[in-house]
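J.: Here you go, one structure.
The values are calculated or read from the model by the stated rules, or taken from the named source; none is laboratory data. Model, not experiment: these values are computed from the prediction. With ideal geometry, Cβ positions are generated from the backbone for all residues, glycine too; neighbour counts draw on all protein chains shown.
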Ligand code: SF4
């Protein structure tokens, strides 16, 4: 089975207060990062000789790379093969998606743009998320993608302090009525290490919605998008016309993928590992012909079963019922409308999707 190739572009023009990814604003490190990528690709090529069938440039903000940096990036990846015509995604910030830049991405084989619009309501976009782009730039990005006819995914965030289900439905409607064929909708979270996490802990930021409101917002997501022809295929991901993200499906289906760049994760079917979350450390190790890894884990049979259950319960396709021991708990979950049994597969219902992680704990 061909694997997916992920490249982590850790650079951003600023740090969003809720961001928990490895991202930095030291753009002067871009040349060092490209050098590291070339070394990492050359080091991994003999171990991953089969061509990849998805490519995902994620971040960070891959869209801030200049044309010449992008040329250098693709050159760095050249020891690794990617099957021609494979799904190739670039993550982009709305302010970067100009017709010229988007055309340049397409000329390099990119055929899917994933734009972090986050919201079409200025209150959430600026007051809650402190994003650096405008609502107008969201529309400019969408128009640029539509003009090129390229597959477009929009990322949205819900669960802002004081947000009502009606307000969230209105945001979803704007995304669903656009050119996009894929929408990812994530609840706002605030890890303790983030700026938002610290502001919430000190009382400087208004409280995020409680359990009841969060559940309402979650349920509205599926309903509003279904009305516009978007089908949920994963807890937070929706597609119309079958435009699922094949690269991300590899993560949930436990298919192999190689991650390059600082903090990138990889999986070869048996082992998981993650690169160091530091451009300098990651690049220095590669300079010595080594890799700086944050962890390596060889999965046991028991861990593999747990992963299958946890990940399967996030997907509309569900998981084989053979993975779960028959039990009263399982019967209760089916009878109470959290799961359905279809053709020997256990599938989450909308209520089940909302509690997917808790269900996995109960059933594992
Ligand atoms: S643009 Fe994305 S990756 Fe960069 S800081 Fe904001 S949320 Fe994080």
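J.: Just to confirm my filter: which strands (runs of 3 or more DSSP E) fall fully inside region 1-117 and include at least 2 residues that are within 13 Å of the ligand (Cβ to nearest atom), closer than 25 Å to residue 149 by Cβ and in the same structural domain as residue 195 (by TED's automatic domain parsing)? Before you say what the answer is, go through the steps one by one.
T.: Values: elements: 4-9, 52-59, 82-92.
Counting at least 2 such residues, we get 52-59, 82-92.
J.: For region 137-168, name all the residues that are out of contact with any helix residue (DSSP H, G or I) (no Cβ under 9 Å at 6 or more places or on another chain) and more than 15 Å from the ligand (Cβ to nearest atom).
T.: Once the filter is applied, which keeps residues that are out of contact with any helix residue (DSSP H, G or I) (no Cβ under 9 Å at 6 or more places or on another chain) and more than 15 Å from the ligand (Cβ to nearest atom), region 137-168 yields 146, 149.
J.: Which fully enclosed strands (runs of 3 or more DSSP E) of region 279-364 have 1 or more residues being closer than 30 Å to residue 35 by Cα? Working first, answer last.
T.: Details: elements: 293-298, 339-342, 345-348.
It comes to 293-298.
J.: Given the criteria buried (at least 21 other Cβ atoms within 10 Å of the Cβ), free of Cβ contacts under 8 Å to residues at least 60 places away in the same chain and in contact with a strand residue (DSSP E or B) (Cβ under 9 Å, 6 or more places away or on another chain), does residue 58 qualify?
T.: Values: buried (at least 21 other Cβ atoms within 10 Å of the Cβ): yes; free of Cβ contacts under 8 Å to residues at least 60 places away in the same chain: yes; in contact with a strand residue (DSSP E or B) (Cβ under 9 Å, 6 or more places away or on another chain): yes.
Judged against the criteria, residue 58 is a match.
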